[in-house]
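**Q** The structure follows.
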Amino acid sequence: MSAAQDPVAVPARRISVRPARGRFTTALKLLLTSPPTLFATLVVAGVVVLALFDELIAPTGYNEVDVQQRLLPPGQGHWFGTDDLGRDVLSRVVLGAAVSLQVGAVAVGFSLLVGVTAGLLAGYYGRWLDTVLMRLMDVLFAFPAILLAIAVIAILGPGTTNAMIAIGITYTPVFARVTRAAVLGVKESVFVRASRSVGVSDARMLLRHVLPNAAPPIIVQTSVSLAFAVLAEAALSFVGLGTQPPAPSWGRMLSEGRSYLEDAWWMAVFPGLAIVLLVLAFNLLGDGLRDVLDPQQRSALEAARAKPRRRRRAGVGA
Amino acid sequence: MSTAAGQAGTPAERGARDDVLVRARGLQVHFPVSSKGLRRRRTGAVRAVDGVDLDIRRGETLGLVGESGCGKSTLGNALLRLVEPTAGRVEFDGTDVTALSAKALRALRRRAVMVFQDPYASLDPRTTVGQTVAEPLQVHSLHRGTEARAARVAELLELVGLDPSVASRYPHEFSGGQRQRVGIARALAGEPDFVVCDEAIASLDVSVQAQVLNLLRDLQQRLGLTYLFVSHDLAAVRHVSDRIAVMYLGRVVEVGDAADVSARPQHPYAQALLSAVPLPDPAAERRRERIVLSGDVPSATRVPSGCRFRTRCPRAFSPCPDVDPALQEVEPAHTAACHLHGVVGVPVAAGEHTGA
Amino acid sequence: MSEPVLVVEDLRVQLDTPRGNARIVNGLSYSVAPGETVAVVGESGSGKSVSVMALLGLLPKRARVTGSARFRGRDLLTMRERELRAVRGDGVGMVFQDPMTSLNPVLTIGRQLTEGLLAHRKVSGKREARERAAQLLADVGLPDPRGALDRFPHELSGGMRQRVVIATALAGDPALLIADEATTALDVTVQAQILDLVARLQDEHRTGVVWITHDLGVVAGVADRVLVMYGGRCVEDGTVDDVFERPAHPYTQGLLGSLPQLHDGGAGGSRELVAIGGTPPPPTDLPPGCVFWPRCPVRGDERCATEQPPLTPVGPRDGAGAGSSAVPHRAATFYDAARGAGEVGS
């Protein structure tokens, strides 16, 4: 019975009910010490810096047409080459970063907010609320994503902002479903019943217990959706409904470059590479975040890092 | 509601020494069973708790035993209204719990709490144990202020034998026994009167069970708690309880002092149950005569007519299929619901379980 | 006594984990004679379940298993997967805690039983297999065995399913039955039925039984011999009477003392249980000396902290000598319960 013999006991001192080290400090440290997530963090940070200081970084403006210099291959003066109108591809990639990032953040932010709220309420309260909310989501889900986005833009009119809203709406049902499924599992768990048994209100239950425990699949979905949003913006721009020319976006540039693929591969490849890199980074970051936000995984990771040569999981108990 | 739960005497006598903290009358929890397919029609009900009268006295430990599916956990939950009763009433310290508004019910949750079975599942893995223990304080606005609250959490952790510095740790860093202590600290945070221990030691190792049983009793003595100790472990129940109630298929079939029930069980089911408990003593095991019951417990959707135990009862006789026996006094403060005892053929009055 | 069906010698299981090398089983030796029941008792983490999983090749590949386990003279630990599978279906029957781990939820009971019978050529054809399967279910006391053949596992209750698993385990007339917490999930009345059933079948077929459990009541009822495990080590063994009536290791004493008694004199709740403080050591961090030392209330000898006490015979007591039985009573402790202190053996 003596606490001194218990493995987690340490000498008494002023206590805090909060996590020992700041949860986010530990999480951040773990994120930055793992090569894949470090890479992902650097890429995302790099794109954010590009987006913030694009006009300072870009060698030229986004629409400096110089027909004399058209379709130059990568080399001196134009590292990424020039496009069919003689514009510097590097500058346009840099200047397009803001659009792509904005589309990802705003569109996914929208679907996250609406979808998670709907899923949380539908899953937790069930009954008629579940039926109404989820049938609504089913209706949205029934349309192909791009078709739905096109329909939304047909109503709102083309443009980057409307593209963001359209993409956000198309991803909402996915978030609602993922959240609802996770909530259905969590709300049956004993700790939710235990919290209810001491009188915890619904609002507190949802925010403090249900949402954090339902978070892992939502985080993964967020990273996947961020990636898809960048691609969706590209697709919308491709059919002329997203970013309007001459403004650059990676998706637009990719679609414009496509017709010159045989003569000027650099027109499509560089924006394409930028998309691939960002999408990859979002995915790696999502996986990493999911792990370090789980206290148990966090401890396991810390233990594994402490013994770098022993990284296998414990699998056998007696 | 004559001889409800062990307590004999005229209503006047009982009124005079009304030391009952929790009183259940005709308590019923039925879960609807729906048919499969597109049109979900209600086709029947699982009669998990099916007309239970029970008194729990202030300061006592009432042990509630029975096998899986007998409804003992559901009864424990229904007393706290963690499961909604479908009929009957529960009084807690004189107030009708079944009639409380949502707000009043939340206030009740400070005074009547539960310790859960599985210490691995009953703590939120993303909440530190300190936050878990502090939750009732926040919910009921007790010990306001960061300092006062932390002090109270430290006090509670010490009370259950944990070092207060563990407050900032997460549940996965603890052993099962330690987690159960956290669960107990959370339950006690709001200074409750009544604690339902729902299989609170079932998931723990033998040597740790003893630690937790000792802790529970120590806390009872220090804080004057009233326990409902729900368990399938008869030896543990015998050890901690002042009185024992035996449940079978949704109904309490026997209630009495712990010593009386374990030494002289009166209901044939209680006799079989007690005889089946393996004893940690090889000599006694060789001497022991088990009453091996035939068959399985009937489904709670198809409760037999008359006495619900008659289909497996080695001593069933003529009135059993027709008359549902009421709890009757067999000896002072010891009641059983069996036609072999008391006045043969006294049925459960039809009106009794519609909420008296 | 006839040739033992199983002889385990110096069984060790180690596993690499993120927290280091886990020594889960540390030098376990015992044998099982035909018709005999050996109970392996211990708490979770004592290594009792891993020790039998190692015998049957059910551990993950990365677990390092050393020692020997001779079943009818052949070492199970060096067998190839194919031979082992043959042994698992034929010579050795297994019953685990959760019957659903051994039953396929999408096949009928009859199909699962007859498949085993046909695979191990116990019967000549499907019809005979079905007959035999029905007979097996009748043997384990299942009501309406013929009807049960066409039902699926989920249609049966937990006790029924466990009977089906026992019937499956017994289908090959095994020489050895391994029951790992086989009745833990069952109600006491059903447990009583199953214990009776196994005892009866054991008498009929002279099956050797290894009964793994944490329930000392079950041990007292079924076992001939007992092996008490703690921290992956056997800390005490002997006949069930010796171990329960004259426990010599402080852990065994603590375990027995911590049990609430059903037929306890006096009013309920009057007696304080003698709990063992603390928790078992993690297998990655076993103490250098006696595994029980950190929790031991006795600590009879300073060697306890630094030296591993070997299993030594428990000293003779007044009247009853340790040699009176064919089975020695041994304990891994420097402390002698009979004398209250001092040394054992040496």
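**Q** Shielding of C:218-225 by partners, i.e. mean partner chain Cβ atoms within 10 Å per residue?
**A** Taking the mean over all residues of the peptide, I get 4.
**Q** Oh, and also: Looking at the calculated P(r) for the range B:185-232, what percent of the C-alpha pair distances fall above 17 Å?
**A** 31
**Q** Give me the percent of DSSP beta bridges within the range C:6-223 that run antiparallel, rounded to the nearest 5.
**A** Looking only at bridges with both residues in the range C:6-223, the antiparallel portion is about 60 percent.
**Q** Continuing with the same structure: Please compute the Kirkwood hydrodynamic radius over the range A:41-128, one decimal place, Å, based on all pairs of different Cα atoms.
**A** After inverting the pairwise mean of 1/r, the radius is 15.5 Å.
**Q** Taking a ≥ b ≥ c as the square roots of the Cα gyration tensor eigenvalues, with a/c under 1.5 meaning rounded and otherwise prolate when a/b beats b/c, else oblate, which class fits the range A:210-310?
**A** Oblate, since a/c reaches 1.5 and b/c is not below a/b.
**Q** Here's something else I'd like to know. Can you put A:GLU233, C:GLU155, C:GLU36, C:GLU181 in order, fewest other beta carbons within 10 Å first?
**A** Exposure proxy ranking, most exposed first: C:GLU155, C:GLU181, C:GLU36, A:GLU233.
**Q** Here's another thing I want to ask about it. For the protein assembly as shown, I need the span (max minus min coordinate) of the C-alpha atoms along each principal axis, in Å, sorted largest to smallest.
**A** 113, 73, 71
**Q** Right, something else. How high is the FRET efficiency from B:THR146 to B:SER68, r the C-beta distance, R0 35 Å, rounded to 0.05?
**A** The calculated FRET efficiency here is 0.20.
**Q** Taking the range C:96-161, which trypsin sites (Lys or Arg not before Pro) meet the DSSP loop condition and have no more than 10 other C-beta atoms within 10 Å?
**A** Sparse-neighbourhood loop trypsin sites (Lys or Arg not before Pro): C:ARG121.
**Q** Placing one identical point scatterer on every Cα of the range C:212-299 and ignoring solvent, what is log10 I(q)/I(0) from the Debye formula at q = 0.22, 0.23 Å⁻¹?
**A** -1.19, -1.25
**Q** Once you put a point 7 Å from the Cα of A:ALA203 and another 7 Å from the Cα of C:LEU58, both along the Cβ direction, what distance in nm separates them?
**A** 5.2
**Q** For the range C:6-223, state the average projected area of the convex hull of the C-alpha atoms over all orientations, rounded to one decimal in nm².
**A** Hull-based average projected area comes out at 12.1 nm².
**Q** Provide a whole-number value for the mean count of partner chain Cβ atoms within 10 Å of the Cβ atoms in peptide B:269-276.
**A** Neighbouring Cβ atoms belonging to other protein chains average 3 per residue here.
**Q** If you count the DSSP beta bridges with both ends in chain B, what percent of them are antiparallel, to the nearest 5?
**A** In chain B, approximately 65 percent of DSSP beta bridges are antiparallel ones.
**Q** Any idea what diffusion coefficient the range A:149-201 gets from Stokes-Einstein, in µm²/s, Kirkwood Rh on alpha carbon pairs, 37 °C, 0.692 mPa s?
**A** 239
**Q** For chain B, what is the largest minus smallest coordinate of the Cα atoms on each principal axis, given in angstrom and ordered from greatest to least?
**A** 68, 56, 54
**Q** If eta is 0.692 mPa s and T is 37 °C, what Stokes-Einstein diffusion coefficient results for the range B:214-356, Kirkwood Rh from Cα pairs, in µm²/s?
**A** The Stokes-Einstein estimate is 197 µm²/s.
**Q** I need to check one value: relative contact order of the range C:6-223, counting alpha carbon pairs closer than 8 Å and at least 6 residues apart, in percent.
**A** 27
**Q** Additional query: Would you tell me the mean number of C-beta atoms belonging to other protein chains that fall within 10 Å of each C-beta in C:6-15, as a whole number?
**A** Neighbouring Cβ atoms belonging to other protein chains average 1 per residue here.
**Q** Over the range A:22-298, what is the mean sequence separation of C-alpha contacts under 8 Å (at least six apart), divided by residue count, expressed as relative contact order in percent?
**A** For the range A:22-298, the relative contact order is 24 percent.
**Q** Tell me what chain A gives for mean residue ellipticity at 222 nm when only DSSP H runs of n ≥ 4 count, each as -39,500 (n - 2.57), the sum divided by the residue total, rounded to 500 deg cm²/dmol.
**A** -22500 deg cm²/dmol
**Q** Rounded to whole Å and ordered largest first, report the semi-axes of the equivalent ellipsoid of the range C:155-307 derived from its Cα gyration tensor (root of 5λ).
**A** 33, 20, 15
**Q** Dipole magnitude of the range A:22-298 about its Cα centre, charges +1 at Lys/Arg Cβ and -1 at Asp/Glu Cβ only, in debye to the nearest 20?
**A** Around 1440 debye, computed over the range A:22-298.
**Q** If a/c stays under 1.5 just call it rounded; otherwise compare a/b with b/c (prolate if a/b is bigger, oblate if not). Do that for the range C:53-130, with a ≥ b ≥ c from the square roots of the Cα gyration tensor eigenvalues.
**A** Cα axes put the range C:53-130 in the oblate bin.
**Q** Which distance in nm do the two modelled labels at A:GLN296 and A:TRP265 give, with both placed 7 Å along the Cα-to-Cβ direction?
**A** Roughly 4.9 nm, to one decimal.
**Q** Starting from the alpha-carbon convex hull of the range B:145-272, give the projected area averaged over all orientations, in nm².
**A** Averaged projected area of the range B:145-272's Cα convex hull equals 9.3 nm².
**Q** Okay, next question. Can you list, bin by bin at 20 Å, the percent of alpha carbon pairs in chain A, starting at 0?
**A** P(r) for chain A, in whole percents per bin: 26, 48, 22, 4, 0.
**Q** Assign one of three labels to the range B:57-100, namely rounded, prolate or oblate, based on the Cα gyration tensor with a ≥ b ≥ c the square roots of its eigenvalues; rounded applies when a/c is under 1.5, prolate when it is not and a/b is larger than b/c, and oblate otherwise.
**A** oblate
**Q** Now, a different point. Put a dot 7 Å past each Cα toward the Cβ at B:GLU331 and B:ARG111; how far apart are the dots in nm?
**A** Here the modelled spin labels are 3.6 nm apart.
**Q** Then there's this: Share of Cα-Cα pairs in the range A:176-268 beyond 17 Å, in percent?
**A** 64
Coordinate-derived values only; no laboratory data. For clarity, every value in this text was computed on a predicted model and none was experimentally measured. For neighbour counting, all protein chains shown are included, and Cβ atoms are generated from backbone atoms with ideal geometry for every residue, glycine included.
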